[in-house]
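Note sheet for the following structure.
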Amino acid sequence: MAATLQVRCVCSSAPRRDSLQAMPLSHITAAIDGTRAGFEAARQAGRLVAPGGTVRLVAVADPYFSAMNTWAGERLVSAEEVVTSGGEHLAKERLLVRARQALTDARMHLPEGIRVEADMIEGPTHDVLIDAARSTRVLALGSHGGGRMTGLVLASTATDMLRHAACSVLVARPPFDEDEFPRAIAVAVDGSEPSLQALEVARQIEVQCGGRPRLRVVTAGRAPRDAVAPGPLGDVPVEALRGRAADAIARAGEGVDLIVMGARGLKGTKALGSVSERVAHKAASSVLVVRPHA
């Protein structure tokens, strides 16, 4: 069983549980790995969390990091220290110190007045985040890009979370303007229940931000424009995109800060190559994949 070390600060009164249960953005957990990408995940979690909601920061002290002598792309122990002090024990000590510091640094990226919990947890990253996903509405992870060594564990874990997490997943990428995030949102809607749930989440974000985000509804692939019933959309126009669904929706991210789309509820091997997973990896914008009933 993984050991748990907790650093917790409560920055406002506790939210009413009865009013938050039905709110898909009432509790967001951000995975912190000491990199800019992880801090961006925390910052976007703070921007998207519902009023009265909670942002939980989780720094994973993965034994992989101490074994590889790295944290956030930097060495934990120098070559000289390995000779004089022994590398493995010292690397683990440094890992715990830097993970705690990462939580403090991540807190600086969150706005004042929201409820924040911060936990450092020792254990394999995949296992820790899968467990965290069971008790949150959204799991936010930074995107490091497939070709970068920095944060490689969380980069590969993002794929695992998209396939296996029980909650919605936010893959966070830097926006056009941090102060204006989310400036514009694209919602992929095909008339299915998961896509309509994604639309409701996007509208919740729009309301929270005072109507500032420009909402763009798109369809792609085999979903014709008239497959989307006008009732749920109100007066929001629907744009039919050309090309394969994943590629077309990912391209829509070039002009927005956030793509919101539903997941079909598939997990594990059934989710391999899903449209939402491919969009999350290809898009230039952040991508929020909404799980049904999450």
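Once backbone amide H atoms are built at 1.01 Å from N, L76 has T70, W71 as its partners under 5 Å, excluding neighbours fewer than 5 places away on the same chain.
Counting other Cβ atoms within 10 Å as a rough exposure proxy, the listed residues H89, H27 run H89, H27 from fewest neighbours to most.
For T54, the residues 5 or more places off, or on other chains, whose built amide H falls under 5 Å of its own are H27, I28.
Computing FRET efficiency as 1/(1 + (r/R0)^6) for E239 and E93, where r is the C-beta to C-beta distance and R0 is 51 Å, gives about 0.40. Estimated from the Cβ-Cβ distance and a Förster radius of 30 angstrom, the FRET efficiency linking R264 and D127 is about 0.75. Put simply, the amide H of A220, placed in the peptide plane, has neighbours under 5 Å in L241, leaving out anything fewer than 5 places away on its chain.
Computed from the coordinates by the stated procedures, all read-outs in this text should not be read as laboratory data. These numbers come from a predicted model, not from an experiment. All Cβ positions, even for glycine, are placed from backbone atoms using ideal geometry, and neighbour counts span all protein chains on display.
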